[in-house]
Amino acid sequence: MKNQTTYHFIDINGVNIFYREAGPKDAPTLVLLHGYPASSFMFRNLINQLSDKYHLIAADYPGYGRSEQPPIAEFDYTFDNYAVIIEELLNKLNINKYSLYLMDYGAPVGWRIASKNPEKIDTLIVQNGCAYEEGLETFWDPFKVYWADHSNKEAEHTLSTFHQPDGLKWQYTHGVPDTSVVSPDNWEMDLRHLERPENNQIQLDMFYDYGTNPPKYPEWQQYFRDYNPEMLIVYGKNDYIFPVSGAEAYKKDVKNLEFHLFDAGHFALESHGNEISEKIKDFLDRKVKP
């Protein structure tokens, strides 16, 4: 029996944060961390597919989806701060043990949380998210220019095209053999929050702050070696943003690894949600008994 998804707002450190919740509250919790330029909307189907046995939480980061977008002058749009927001949300909800689903931006947010709180982590599920230099190929060239020179206008212009309508659609459809299975609602929903005043600059600030993540890769890789977390990789192998080389790299350090590639792009849940949810159910059923 699937459980109804409910929708909530909660004050976290003075910011009104939106989150989706489903499943029995006394069941094992899976925290779903969304990517750029998306929101918790990307997990709508997965939440429904897993809510019979598991407790699901999916929040929107500040400036994304339905969460509040504080003025840049009053809020630090950084991965460090997003991790703090998610940690405090879980604290307020009295969730002290959980699995993490890490996708795109959700990976550096989640790796910060997991490496800081290894005792709270049941399992880790990685879908097109990076913790290795191998995962930063050609797509990342303009980002690296921007990290080196924050005032580089050519790089800034290139990066701004990623959250224009054509750039949004490309992220959802590139590498997808049959694009008719990908709902246009995705990029239309994203565009709605991206068009808010100041949001373009927020995206550029987050692009620049992404440069703080690669220096942390050795720390996160050491976490993998030290704590041997149970990890499931469910990865779109045609992703140009986080290519499959980044997925393969986890094999260097993660002993307790289950590895699955799908003929999908960056947002693999859109085309292979049923297959991925079955892998997740099987994994969680074995690793964290409901």
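Which residues does a label at F139 reach in region 224-243, if reach means a backbone N under 11 Å from a point 7 Å past the Cα toward the Cβ?
It comes to 236-243, nothing else.
Consider just the alpha-carbon atoms of region 157-224 and return their Rg together with their Dmax, both in angstrom.
Cα radius of gyration and Dmax of region 157-224 are 15.4, 41 Å respectively.
Please work out the C-alpha center-to-center distance from region 119-143 to region 256-290 and express it in whole Å.
Using only Cα atoms, the two centres lie 16 Å from each other.
Percent of Cα-Cα pairs per 10 Å bin, from 0 to the last occupied bin, for region 146-290, please list those.
Percent of pairs per bin, in order: 10, 28, 34, 24, 4, 0.
Can you tell me the length gained on complete extension of the stretch N256 to K237, counting 0.36 nm per residue apart and subtracting the Cα distance?
Extra length from N256 to K237 when fully extended: 4.8 nm.
If the convex hull of the alpha-carbon atoms of region 180-256 is projected onto planes in all directions, what is the mean projected area in square nanometres?
Taking a quarter of the hull surface, the average projection is 7.2 nm².
How many percent of all Cα-Cα pairs in region 1-109 sit more than 23 Å apart?
20
From the convex hull of the Cα coordinates of region 86-195, what is the mean projected area in square nanometres?
Computed as one quarter of the Cα hull surface, the answer is 9.5 nm².
Just list whichever of K97/K255; K252/K289; K169/K237; K92/K281; K169/K279; K216/K251 have alpha carbons separated by over 23 Å in the model shown.
In this structure, K252/K289; K92/K281; K169/K279 exceed 23 Å between Cα atoms.
Extending each Cα 7 Å along its Cβ direction at D178 and A148, get the distance between those two points in nm, one decimal.
Going from the D178 label point to the A148 one covers 4.4 nm.
Compute the label zone of R192 within region 64-107: residues whose backbone N is under 17 Å from the point 7 Å along Cα-to-Cβ.
Zone members listed by number: 64-69.
Of the residues D166, D205, D76, which exhibits the maximal mean-square fluctuation in a Gaussian network model of the chain defined by a 10 Å Cα contact cut-off?
Ranking D166, D205, D76 by mean-square fluctuation puts D166 first.
So for the chain, considering every pair of alpha-carbon atoms, how many percent are separated by more than 25 Å?
43
If you count only protein heavy atoms and use a 1.4 Å probe, how large is the accessible surface of T212, to the nearest 10 Å²?
Near enough 50 Å² of accessible area.
Between T212 and D185, what FRET efficiency follows from the Cβ-Cβ distance if R0 is 35 Å, with the result rounded to 0.05?
0.65
The values are calculated or read from the model by the stated rules, or taken from the named source; none is laboratory data. Source: prediction; values computed, not measured. Every residue, glycine as well, gets a Cβ built from its backbone with ideal geometry; the counts of neighbours run over all protein chains shown. To get the accessible areas, we keep the full protein, side chains included, count just its heavy atoms, and leave off ligands, DNA and RNA. Shrake-Rupley method; radii C 1.70, N 1.55, O 1.52, S 1.80 Å.
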